[in-house]
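> Shown below is the structure under consideration.
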């Protein structure tokens, strides 16, 4: 690049994603644990997309939701530790504390395919 600025050389997670994202529509739950194990709360969410390093989902309300929680995607047996990256209304984006395995990601995407939860599918006539 001949006409570079100082900003074009700075890596930015906004423009560069480490992992490929996949659109899904799974149901999920968010589990939060209060400090000192005071209480545990669970609230539903609807997955929007997922990658090995993070996900985004929609919740009914984000009032009282802390910055760190566990994500459980219905149909899997794992709870994934998450750190919140952004909130935009009911949409929340998270980064996983530890990237999920490629095999788990494939399993989640295959479930989406086999259950037929395609968002933009046109009805057959």
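Bear in mind these aren't lab numbers, they're just calculated from the coordinates by the rules spelled out. Just so it is clear, the model here is predicted, and its values are computed rather than measured.
> Sorted from largest down, what three extents in whole angstroms do the Cα atoms of the stretch 22-102 have along their principal axes?
35, 27, 22
> Also, I was wondering about something else. Over all alpha-carbon pairs in the stretch 56-101, figure out the percentage whose distance exceeds 13 Å. Walk me through the intermediate numbers first.
Details: 583 of 1035 pairs.
So the pairs more than 13 Å apart make up 56 percent of the total in the stretch 56-101.
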